[in-house]
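The values are calculated or read from the model by the stated rules, or taken from the named source; none is laboratory data. Computed from a predicted model, the values in this text were never measured in an experiment. Don't worry about glycine lacking a Cβ; one is built from the backbone with ideal geometry, like all the others, and counts go over all protein chains shown.
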Amino acid sequence: MDPVKILKRAWQILWNYKALWVFGFILALTAAGSSGGNGNSGSSYQGSYDEPSGYTSTADTPEEFFIEAKEVFNNILEKGVPEANITGDELVTVIWSIVAFFVIMMLISIAMTFAHYVSQTALIRMVDEYENTDTKMTIKEGFKIGWSRTSWRLFLINLIVYIPTFLLMALLIADGIAIYNMAINGGEFYTTASFIALIGFTFLAIFVTMILMAVLLLLRQFVWRVCVFEEIGVRESFRRGAAMVRENWKNIGVMWLIMLGLGVAWMIVSFIAFFILLPAVFITAILGAIISAIPGMILVGFFSLFLNGYLPWIVGAIFIAPLFFILAFSPWIILSAWQATYTSTVWTLTYRESKAMDTLSPEMEIELTIE
């Protein structure tokens, strides 16, 4: 296997096959959408919490605290926030609007998750078809071959791969509870010795999980492609993908190290590009504001039927914010789309090379034997 040849070929495909960019854009967009979104919720809650009207809790037990909190909350819903000229009915409407927003975002997240794995399937199949027949599929054809049962299997494969991470999170939560109980109920020796042992075990679990995830994420690249090309189930895909990695571990290990190095280089390039693209982001932010203005005004008009003053503008801005941010930060998303497309193409070509080596090796052995 020639890694340099694969990297060059993937680069050529990236720039010659622009229909792939659409699916790379979806991958980058779905990855960006899952990385954040609650950044402002904490600050807004803190602002409302820091301005109580001199209220001090008198509860002595957790049960009394929750009963008291319920009474305070009901009182706020009835009277509203007089200092901000918000009535109780308007406050209820705002709360339900925010709930509706999160429900819509949840539904969009589910749809984007489906789009993510459809795009993964499409990228893998389109690159393979291009290498086999030199045929470039259209975006419509890409979605057609991506929308299949295989996309659901890719999701299940990814879910299985991240099981160690889920277990680690559960372990960290359990450790936190155990440390709290030690600090409250344990004796001095028990607390100190157990605390040190628990912390050491936690760091060991984190280290082992990191190593395991590195192996599983590499394995996932081949399990995905076995599933896509051979159209088999999840369990069989893991078995054949693991067998391929095991038989070609030297070549695949070299490619993994190269991609790891390219990942570090990409982080440096992304940091530099962050500043270089700031003028472009400024322009796209203006365009995003202009494009978002029309649906934003429609939302403001709709919420004006239920709210007064500045509240329709605030709620409308919350609903239109995702569209604005996608448009405003589109230069960075496009850059990530190219990276996602290139990475997927490299691993597809690596899979093809590994598959070809497995197919040709017995024939080469027979020729050598005859000679």
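As an exercise: evaluate residue 165 against (1) assigned to a helix (DSSP H, G or I); (2) in contact with a helix residue (DSSP H, G or I) (Cβ under 7 Å, 6 or more places away or on another chain); (3) hydroxyl-bearing (Ser, Thr, Tyr); (4) surrounded by fewer than 13 Cβ atoms within 10 Å (Cβ to Cβ) and give the number of the one condition it does not meet.
So residue 165 meets the others, but not (4).
I'm checking my understanding of the structure. Among residues of region 250-306 that are surrounded by 12 or more Cβ atoms within 10 Å (Cβ to Cβ) and not in a helix (DSSP H, G or I), which one is modelled with the lowest pLDDT?
Residue satisfying both the conditions and the ranking: 306.
Just the residues that are within 13 Å of residue 101 (Cβ to Cβ) and not aromatic (Phe, Trp, Tyr), please, taken from region 297-322.
Of everything in region 297-322, those that are within 13 Å of residue 101 (Cβ to Cβ) and not aromatic (Phe, Trp, Tyr) turn out to be 299, 314, 315, 316, 317, 318, 320, 321, 322.
Looking only at region 83-131, which residues are in contact (Cβ under 8 Å) with a residue 24 or more places away in the chain and hydroxyl-bearing (Ser, Thr, Tyr)?
Passing the criteria: 93, 97, 109, 113, 117, 119, 121, 130.
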